[in-house]
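Structure provided below as structure tokens; questions to follow.
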Amino acid sequence: MGVVTKSLDIVESRLRPIETGKIIKPYPAFSLFHEPWWLDAVTGGNWRQAEVRQGGVVVGTMPYMFDRRFGCDISLMPLMTRTLGPVIKPGQGKPASEFRRRTEITEQLIEQLPKASYFQQRFDPALTDVLKFQEAGFECSVEYTFRTQPGQSATDMWSFMLDKTRNLIRSATKEGLTARRIEDAETFCTFYEEMLQDRGRQNHYTTDTMLRGCREAMKRDAGAALGAYDPQGVLQAAIFLVWDKETSYYLLTSRQPKAHSGAVSLLVWQGMQDAAAAGRIFDFDGVATPGIARFLSGFGGTLHRRMTISKTDLEFRVRRFLSERAKVPAFVWDAVQKHAPLPEPIQA
């Protein structure tokens with residue numbers, strides 16, 4: 001490891017996050033997805049955390065998880081986890097002093113990250129400075145998400161929507177669809193799995209991981225499933241939301257193949273209203289395709305950037321290329337070295 005400044009005591013811990021108690025957002029870029037209970041649920045406990053302390057006080061953290069792909073050790077975003085990245089306690093100095101302090105802490109966090117063949121994370125929109133990651137050889141790119149604005153009322157949000165989106169919601173209501181809470185995670189996850197099976201698809205998040213994540217969020221009053229029910233009481237569409245003190249996240253969605261075209265929009269609108277009533281903004285969870293961008297933009301949110309950093313070594317690139325050329329699944333490579341130990345984090 002590089003030289004550690006005298007003012008900083010660098011340590012590493014798997015389960016020692018910034019002390020947060022209940023779900024709060026004490027520092028910029030800290031979200032529900034940094035919570036240890038969430039990371040335990042979606043990784044099965046397979047995560048660690050770089051940490052910087054100053055005078056015995058945690059001033060910076062960065063969680064990460066482990067996996068294996070093509071026989072290589074890698075670190076990806078955990079399933080169902082939208083953003084991670086470093087969390088740094090704000091100081092009270094001049095802007096120039098704060099910049100130096102923040103970059104110094106970031107540098108020490110980067111030095112503790114594992115020497116994985118592939119490392120990738122997507123950062124919270126509150127984190128816009130990736131200078132030190134760029135200097136450390138990471139590729140930096142930009143993704144986007146839509147968000148409502150702080151302090152918006154339901155009336156404001158409704159007025160900002162496109163007419164087409166409002167009409168879909170009105171039409172779904174006229175057809176007799178009603179939005180209400182789904183009482184347990186099992187009902188939501190069963191519906192989600194059934195809709196995938198009807199389409200001949202598998203659960204990208206895996207059944208167990210989704211159920212653990214949804215259960216934990218609901219148990220801690222940090223998540224809820226909303227369902228659109230027809231007049232006969234049949235579930236036509238469902239979404240799952242998670243939240244921290246400041247932000248509600250549109251996490252998962254599913255619908256019957258013949259559900260009303262406004263069923264999901266009705267649920268998103270209900271989620272937006274619930275978030276506003278609780279004093280939270282609503283994050284529409286990313287723009288992955290042009291179609292999703294068109295759908296989400298109709299709700300009147302503002303576009304925000306999410307920085308992504310990644311680093312790939314030559315071995316991983318070669319193995320991935322050979323696997324794709326030979327059409328060898330990644331799990332075959334992994335089976336060859338399934339007993340190989342995970343890389344140890346760098347100790348201070």
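The values are calculated or read from the model by the stated rules, or taken from the named source; none is laboratory data. The shown structure was predicted, so the numbers you read here are calculated from the model rather than taken from an experiment. For neighbour counting, all protein chains shown are included, and Cβ atoms are generated from backbone atoms with ideal geometry for every residue, glycine included.
Only residues in segment 197-226 that are closer than 21 Å to Arg181 by Cα and in the same structural domain as Met77 (by TED's automatic domain parsing) count as the first member; pair them with residues that are small (Gly, Ala, Ser) and exposed (fewer than 14 other Cβ atoms within 10 Å of the Cβ), Cβ under 7 angstrom, at least 6 apart or cross-chain, and list the lot.
Hits for this filter: zero, empty list.
Quick check: anything in segment 40-56 small (Gly, Ala, Ser), in contact with a Gly (Cβ under 7 Å, 6 or more places away or on another chain) and either at pLDDT 95 or above or not in a loop (DSSP other than H, G, I, E, B) (or both)?
In the first step, residues of segment 40-56 are kept if they are small (Gly, Ala, Ser); the result is 41, 44-45, 50, 55-56.
When the remaining residues are screened for being in contact with a Gly (Cβ under 7 Å, 6 or more places away or on another chain), the result is 41.
After this cut, where a residue has to be either at pLDDT 95 or above or not in a loop (DSSP other than H, G, I, E, B) (or both) as well, the list is 41.
Yes, segment 40-56 contains at least one residue that is small (Gly, Ala, Ser), in contact with a Gly (Cβ under 7 Å, 6 or more places away or on another chain) and either at pLDDT 95 or above or not in a loop (DSSP other than H, G, I, E, B) (or both).
Still on this model: Take the residues of segment 184-194 that are out of contact with any Lys or Arg (no Cβ under 7 Å at 6 or more places or on another chain) and touching a residue at least 24 places away in the same chain (Cβ under 8 Å): which is farthest from Gln256 (Cα to Cα)? Can you show your working first?
Of all residues in segment 184-194, those out of contact with any Lys or Arg (no Cβ under 7 Å at 6 or more places or on another chain) come to 184, 186-194.
Filter once more, keeping what is touching a residue at least 24 places away in the same chain (Cβ under 8 Å): 184, 186-189, 191-192.
Working: Asp184: 19, Glu186: 17, Thr187: 14, Phe188: 13, Cys189: 14, Phe191: 9, Tyr192: 10 Å.
It comes out as Asp184.
Which residue pairs have Cβ atoms under 8 Å apart, sit 6 or more places apart or on different chains, and have a first residue in segment 284-313 that is under 25 Å from Thr155 (Cβ atoms) and in the same structural domain as Thr247 (by TED's automatic domain parsing) and a second that is among the charged types (D, E, K, R) and assigned to a loop (DSSP other than H, G, I, E, B)?
Filtered contacts from segment 284-313: Asp285/Arg82.
Now for a different question. Residue by residue through segment 223-274, note down the ones that are in a loop (DSSP other than H, G, I, E, B) and aliphatic (A, V, I, L, M). So that I can check it myself, show each step before the final result.
Step one: filter segment 223-274 for residues in a loop (DSSP other than H, G, I, E, B), giving 230-234, 244-246, 256-262.
Residues satisfying the conditions are Val234, Ala259.
Specify the residue that is nearest to Ala50 (Cα to Cα); the eligible residues are those in segment 118-158 that are in contact (Cβ under 8 Å) with a residue 12 or more places away in the chain and of a type in the set (Ser, Thr, Tyr).
For segment 118-158, the residue satisfying everything is Tyr118.
Those residues that are at pLDDT below 75, in a helix (DSSP H, G or I) and among the β-branched types (Val, Ile, Thr), I need them from segment 293-348; list them, please.
If the condition is that a residue be at pLDDT below 75, in a helix (DSSP H, G or I) and among the β-branched types (Val, Ile, Thr), then Val332, Val336 are the ones that fit.
Just give me the residues in segment 275-292 being outside any strand (DSSP E or B) and either at pLDDT 90 or above or touching a Leu at 6+ places or on another chain (Cβ under 8 Å) (or both), in sequence order. Outline the logic, then answer.
In the first step, residues of segment 275-292 are kept if they are outside any strand (DSSP E or B); the result is 275-280, 284-292.
Ala275, Ala276, Ala277, Ala278, Gly279, Arg280, Phe284, Asp285, Val287 - these are the residues of segment 275-292 that are outside any strand (DSSP E or B) and either at pLDDT 90 or above or touching a Leu at 6+ places or on another chain (Cβ under 8 Å) (or both).
Filter segment 59-81 for residues that are in contact with a Pro (Cβ under 8 Å, 6 or more places away or on another chain) and either modelled with pLDDT of 90 or more or among the aliphatic types (A, V, I, L, M) (or both) and give the result. Explain how you work it out, then say what you get.
Step one: filter segment 59-81 for residues in contact with a Pro (Cβ under 8 Å, 6 or more places away or on another chain), giving 60-66, 73, 75.
Across segment 59-81, the qualifying residues are Gly60, Thr61, Met62, Pro63, Tyr64, Met65, Ser75.
Before we move on, is Leu15 at pLDDT below 90 and over 28 Å from Tyr249 (Cα atoms)? Before the answer, list the steps.
Details: at pLDDT below 90: yes; over 28 Å from Tyr249 (Cα atoms): no.
Taking the combined requirement at face value, the residue does not satisfy it.
Only one of (1) closer than 30 Å to Ala228 by Cα; (2) out of contact with any Gly (no Cβ under 9 Å at 6 or more places or on another chain) is not met by Pro114, so which one is it?
(1)
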